[in-house]
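The next block holds one structure in the form of structure tokens; read it before the comments.
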Amino acid sequence: NPNPHPIRHIAVFAFPFGSHAGPLLSLVRSLSVAVAVAGEVKFSFLSTSRSNKTLFSSDEGFDNVRPYDVDDGWPEGHALSGNPVEPVEMFLRAAPGNFRKILGKAEQERGIKIWCLVSDAFFWFAGEIAGERGVPWLPLWTAGPRSLLLHLETDEIRRHLGEDQGGLCNDKTLDFLPGFKAIRISDLEGVLITSQDSESSLVVDMLHKMGLNLPKATAVLVNSFHKIDPEISNHLKTKLKKLLNIGPFTLTMKLSPQPKPFLDENGCLDWLSEHETASVVYVSFGSVVTPPPHEIAALAEALEEAGIPFLWSFRGKLEGFREEKLCNISSLKGKLVPWAPQVEVLKHSSVGAFVTHCGWNSVLESVVGGVPLICRPFFADQRLNMRTVEAVWGVGVEVDGGVMTKEGIVEALRRVFLDNEGKEMRERIAVLKKLAHEAVDAGGSYSEDFNDLVKIVTQSVGS
Ligand code: UDP
């Protein structure tokens, strides 16, 4: 249907925790430029005020993307317990009422009903809201394609696991699922959370409903590229109306004004340039996780013993003597910074390995940089990503025993930096890096999928 309106209004619902809303905003900004040729398009970006404040601080030049604050569900004067799930739960209790209310306000202010609804994939209810209004629903899945598939197959997997008394504490592989022969049942912990787990029941419920509702979406968008896992991507295509692989975002969504992650306030890139090719190990556990003090100490001691220069994005707290020791060690061979421009760091030729928690963005950024990974996953999809890195792609190692010990890290560093095994990982990740670049080069799969997205946004209503 050709668009009868000269002006369009697109609402965006962001999940305001972890590394979710930032990538969604990058996508929206790229999309706002791409669709501008079709007429005036207004984007209303709905997130909490905390999230919007960090995202929109340097927003010159993107006036057509306007932030709107939704209620974060925190009762006035409520002190947080420190449990990271608590703010998420309070927020989810306020949804979807908080989004509905502000969507109405945005429509009133901008003088036009929405034409399309883009949301974090977590928000299954965005599908209902889009359905009521007869407009397309475009959810963005900010993690990897493999975990997305697991959410779509949750009921099927539970049926299989039901026959297996071991539950998720089980090292059997998932042979019954195409593309999952190398994945162990225990790797699903955090993705296929069950109601008996300590995880929030609201989160469990949201993920389950998401799996049931995503097949109804007009198209599901993923920060990934087809050839990183073609079997999974093909399987997803059989489950969804449309799958659009529009990543890796660090290569495809470059239109934001320089956000914090790209600024090099701590001089990391100059420091890296003083080192030889593939000689430095980069350490970061993402924006949410802080490893326990004994693991941080073990990692520091291992780095000291191995004598490998390191760049460590460190935001933890240690007791006095450990902190002093870490600073002593880093003064010899390393650089400790509170935040690193990770995307650029991983592209730097001096970086030879990445000690990581295996968050999806980190994994994908390491692929784009061609850097082998040393994996210490903590929660959510991180174990699944670790196994994919280690056993499917063969581009990294799991820390022996699953937690960081001095011996385990020294051994992992030896395997990656000194052994032939490490050389092979480097070769294999160079192949993935090449495939990532081919996907976004002219004529690659990215432009086809992104053009499809632009078409949905500019042409159709109610499809
Ligand atoms: N990041 C960064 N500098 C740092 C630490 C993290 O730029 O010092 C960025 C990193 O590039 C990635 C994101 O923070 O894009 C972390 O996302 P990921 O999915 O890996 O983990 P999460 O933060 O969601 O646990």
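With 24 Å as the limit on Cα-Cα distance, the pairs of K209/K237; K239/K433; K101/K239 that go past it are K239/K433; K101/K239.
Contact order for the chain, expressed relative to its length and based on alpha carbon pairs under 8 Å spaced 6+ residues apart, stands at 16 percent. Working from Cα pairs under 8 Å separated by at least six residues, relative contact order for region 23-95 is 28 percent.
Here the Debye sum runs over all C-alpha atoms of region 235-394 as equal scatterers in vacuum, and log10 of I(q)/I(0) at q = 0.12, 0.18, 0.21 Å⁻¹ comes out as -0.55, -1.18, -1.54. So if I take the centroid of the Cα atoms in region 420-463 and the same for region 266-321, what is the distance between those two points in Å? Value for the Cα centre distance between the two parts: 31 Å.
Charged side chains reduced to their Cβ positions (Lys and Arg at +1, Asp and Glu at -1) give the chain a dipole of some 1280 debye around its Cα centre.
For the chain, the calculated P(r) over all alpha carbon pairs, in 20 Å bins from 0 to the bin holding the longest distance, is 24, 57, 19, 0 percent.
Neighbour counts of C-beta atoms inside 10 Å place I112, I429, I374 in the sequence I112, I429, I374, starting with the fewest. Take every Cα pair under 8 Å whose residues are at least 6 apart in sequence, average their separation, divide by the length of region 226-326, and the relative contact order is 23 percent. Under 1.5 on a/c is rounded, so check that first for region 258-315, then, if it is not, pick prolate when a/b is larger than b/c and oblate when it is not; a ≥ b ≥ c are the square roots of the alpha carbon gyration tensor eigenvalues. Taking the square roots of the gyration eigenvalues as a ≥ b ≥ c, region 258-315 is oblate.
When both region 358-406 and region 106-176 are represented by their alpha-carbon centers, they are found 23 Å apart. Show which lysines lie in cross-link reach of K172 when reach means a straight Cα distance below 22 angstrom and same-chain residues fewer than eight apart are skipped. K172 reaches K181.
Values in this text are rule-based calculations from the coordinates and carry no lab data. Remember, it's a predicted structure, so these values are computed and weren't measured experimentally. Virtual Cβ from ideal backbone geometry, glycine too; neighbours counted across all protein chains shown.
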